[in-house]
Amino acid sequence: MPVPPPSYCDAAAHPVHGPYHDEEYGVPVRDDVALFERLMLEVNQAGLAWETILRKRATLRLAYAGFDPARVAEFDDGDRARLLADPGVIRNRLKVNAAIENARRVLGLRATHGSFAGWLDAHHPLDLAGWRQQFKRTFLFTGGEIVREFLVSTGYLPGAHRESCPAYARVLRLSPPWAS
């Protein structure tokens, strides 16, 4: 009997990964703050374990003004210095700068598309290569894996759960964009 490929569903019983897997991963997201948070979590995860990001999530949320793009867009050099000195966040200058600039770009998307979700909807459905191009033109620090995980985690691309996973049926009932 063939062994199924590795899946995040394999981590569902883990005390740190389980709640995220069960309650958020693959669930459609419409709110700009939640979308921006998810994007910034993925940006911060680059090169690190996802568990590290989940463990730091509360401190990241606090340091980045609740991931409110309007507030983060106003961050200045003093905020950059504060973030780079904060052991509760990922102290990487490129990631910090990307958070601030990407918040500004989300505000630009609000002006052109009404919201971050409106921008995503305007480009849906794209294949992964098309999404990667759109993100590269629009945001900083959004490589292929970051884009893929962001889109899977927010319901724009399939693959968050195996069909045999109980979370799959829950997510499907929420009509994620990939299922339309």
>> Based on this model, can you work out whether residue 162 counts as in contact (Cβ under 8 Å) with a residue 12 or more places away in the chain, outside any helix (DSSP H, G or I) and surrounded by 13 or more Cβ atoms within 10 Å (Cβ to Cβ)?
In response: yes
> Of the residues 142, 154, 138, which single one is touching a Lys or Arg at 6+ places or on another chain (Cβ under 7 Å), of a type in the set (Val, Ile, Thr) and surrounded by fewer than 21 Cβ atoms within 10 Å (Cβ to Cβ)?
Replying inline: 138
> residue 168: out of contact with any strand residue (DSSP E or B) (no Cβ under 7 Å at 6 or more places or on another chain), at pLDDT 95 or above, among the hydroxyl-bearing types (Ser, Thr, Tyr) and in a helix (DSSP H, G or I), yes or no?
Replying inline: yes
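Between 62, 48, 35, 83, which is part of a helix (DSSP H, G or I), within 19 Å of residue 140 (Cα to Cα) and without any contact (Cβ under 8 Å) to a residue 60 or more places away in the chain?
Being part of a helix (DSSP H, G or I), within 19 Å of residue 140 (Cα to Cα) and without any contact (Cβ under 8 Å) to a residue 60 or more places away in the chain holds for just one of 62, 48, 35, 83, which is 83.
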>> Please go through region 123-179 and give me each residue that is over 15 Å from the mean Cα position of the chain (by Cα), under 21 Å from residue 9 (Cβ atoms) and charged (D, E, K, R), ordered by number.
In response: 162, 163, 170, 173
> Which residues, counting only those in region 109-159, are assigned to a helix (DSSP H, G or I), among the β-branched types (Val, Ile, Thr) and within 22 Å of residue 73 (Cβ to Cβ)?
Replying inline: 112, 138, 146, 147
> Can you name every residue in region 68-91 that is closer than 18 Å to residue 58 by Cα and in contact with a Leu (Cβ under 8 Å, 6 or more places away or on another chain)?
Replying inline: 69, 88, 89, 90, 91
> In the list 16, 29, 43, 33, which residue meets the criterion of being among the β-branched types (Val, Ile, Thr) and closer than 15 Å to residue 171 by Cβ?
Replying inline: 29
> Just one of 73, 34, 63 is surrounded by 15 or more Cβ atoms within 10 Å (Cβ to Cβ), under 12 Å from the mean Cα position of the chain (by Cα) and of a type in the set (A, V, I, L, M); which is it?
Replying inline: 34
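The values are calculated or read from the model by the stated rules, or taken from the named source; none is laboratory data. Owing to the predicted nature of the structure, the values given are computational and were not obtained by experimental measurement. Counting neighbours? That spans all protein chains shown, and the Cβs are built from the backbone with ideal geometry, glycine included.
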